[in-house]
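The values are calculated or read from the model by the stated rules, or taken from the named source; none is laboratory data. The structure displayed is predicted, hence computed values, not measured ones. Neighbour counts are summed over all protein chains in view; Cβ atoms, including those assigned to glycine, are modelled from backbone coordinates with ideal geometry. In case anyone asks, the SASA skips ligands and DNA or RNA and just uses the protein heavy atoms, side chains included. Shrake-Rupley method; radii C 1.70, N 1.55, O 1.52, S 1.80 Å.
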Amino acid sequence: MNILMTLDENYVPQGRLMLETLRRWNPEEISVYVMHTSLTEKGLEELAASGCRVISVAMTGEEFRGAPITDRYPPEMYYRLLAARYLPEDLERILYLDPDMIVLGSLRELYDLPMTERIFYAAATHLKEFWRKINEKRLDLPQDGIYVNSGVLLMNLAALRKKQDEAEIFRYIRDHEKALWLPDQDIISALYGDHILEIDPYVYNMTDKLLMLRPEEEAWMNLAWVREHTRIVHFCGRNKPWKKNYKGLLGTFYQEALAASKKDSVL
């Protein structure tokens with residue numbers, strides 16, 4: 001299983017914990033490609049302490065000299081968008097995971113999803129139809145596409161290498177600069193929304209908002225349901241369980257993973 005991460009030193013502890021939970025539930029060879037500009041050898045070694053094989057993909061930021069670069073659009077934003085260009089050519093697919101996650105089950109079924117050449121990504125949406133319509137107008141989304149949360153992305157690298165146009169990405173950013181709120185997922189959704197295979201967010205991209213704000217769903221406020229069905233919990237946004245002001249129910253899985261990690265390090 002090939003995994004992609006992009007992070008800096010600030011997220012190394014969370015990244016290691018995520019990888020430890022990934023290994024716990026997926027006892028197979030896992031190669032983690034880490035795209036970064038500033039990770040130290042110590043940071044890479046800490047990620048490798050998860051038991052995964054860690055491959056550094058060091059970037060300078062100069063790779064995107066022709067791209068719009070600002071505080072809102074740092075070079076790191078492009079790593080996820082243009083990963084197919086910089087990862088080894090023999091990789092046909094890779095699963096991108098944000099570091100602010102806890103894995104609760106096997107990801108093999110997700111990783112092996114059939115993807116034709118027309119499908120560039122498999123990802124989940126967190127939005128209901130009303131907000132999708134808002135984003136459709138804001139971003140010129142394709143009418144039959146979806147707006148994704150880009151924290152979990154199964155990437156069809158073979159298809160992206162053949163069909164992705166870097167100039168189109170840079171041009172879209174310049175044309176929609178004022179409309180972009182969450183640039184990476186805005187861009188993926190706008191340019192490739194009709195080339196995305198939709199996956200279940202309650203299984204593969206569960207958040208506290210999903211758990212608490214949809215009373216019509218079986219998973220609503222139900223940690224037992226999450227424990228049985230969810231494979232990935234995602235602490236997206238500013239509400240993080242390692243911060244003092246965290247509010248939510250899913251933090252219990254972070255605390256359990258942290259306790260297991262400390263126990264393993266003692267043993």
Which residues, taken from the range 221-247, are modelled with pLDDT under 95 and touching a Phe, Trp or Tyr at 6+ places or on another chain (Cβ under 8 Å)? ASN239
Odd one out for ALA190 among (1) within 23 Å of ASP112 (Cα to Cα); (2) out of contact with any His (no Cβ under 7 Å at 6 or more places or on another chain); (3) outside any loop (DSSP other than H, G, I, E, B): (1)
Given the condition of a type outside the set (Lys, Arg), part of a helix (DSSP H, G or I), in contact with a Phe, Trp or Tyr (Cβ under 9 Å, 6 or more places away or on another chain) and open to solvent by less than 40 Å² (accessible area, probe 1.4 Å), answer yes or no: does some residue in the range 141-158 qualify? no
In the range 241-257, the residues that are farther than 17 Å from VAL226 by Cβ and in contact (Cβ under 8 Å) with a residue 12 or more places away in the chain: TRP242
Can you work out which of the residues in the range 183-235 that are more than 25 Å from LEU249 (Cα to Cα) and free of Cβ contacts under 8 Å to residues at least 60 places away in the same chain is surrounded by the fewest Cβ atoms within 10 Å (Cβ to Cβ)? ASP194
Any idea which of (1) open to solvent by 20 Å² or more (accessible area, probe 1.4 Å); (2) in contact (Cβ under 8 Å) with a residue 12 or more places away in the chain is the one ASP175 doesn't satisfy? (2)
List the pairs whose first member sits in the range 67-81 and is on the phi < 0 side of the Ramachandran plot, whose second member is open to solvent by less than 10 Å² (accessible area, probe 1.4 Å) and modelled with pLDDT under 70, and whose Cβ atoms are under 9 Å apart, counting only residues at least 6 apart or on separate chains? ALA67/TYR73
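Look through the range 3-15, keep the residues that are at pLDDT 95 or above and in contact with an Asp or Glu (Cβ under 9 Å, 6 or more places away or on another chain), and return whichever of them is most open to solvent (accessible area, probe 1.4 Å). Please lay out each step first, then the result.
Initial filter on the range 3-15 (at pLDDT 95 or above): 3-5, 12-15.
Imposing the further condition that a residue be in contact with an Asp or Glu (Cβ under 9 Å, 6 or more places away or on another chain) reduces the set to 5, 12-15.
Details: MET5: 1, VAL12: 3, PRO13: 69, GLN14: 24, GLY15: 0 Å².
Looking at residues that are at pLDDT 95 or above and in contact with an Asp or Glu (Cβ under 9 Å, 6 or more places away or on another chain), I get PRO13.
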Breaking point among (1) of a type outside the set (Phe, Trp, Tyr); (2) touching a helix residue (DSSP H, G or I) at 6+ places or on another chain (Cβ under 6 Å); (3) not in a strand (DSSP E or B), for VAL233: (3)
For the range 236-250, give me the residue count where each residue is within 12 Å of LEU211 (Cα to Cα) and under 19 Å from the mean Cα position of the chain (by Cα). 1
Tell me, please, whether a residue that is over 30 Å from ALA84 (Cα atoms) and of a type in the set (Ser, Thr, Tyr) can be found in the range 247-258. yes
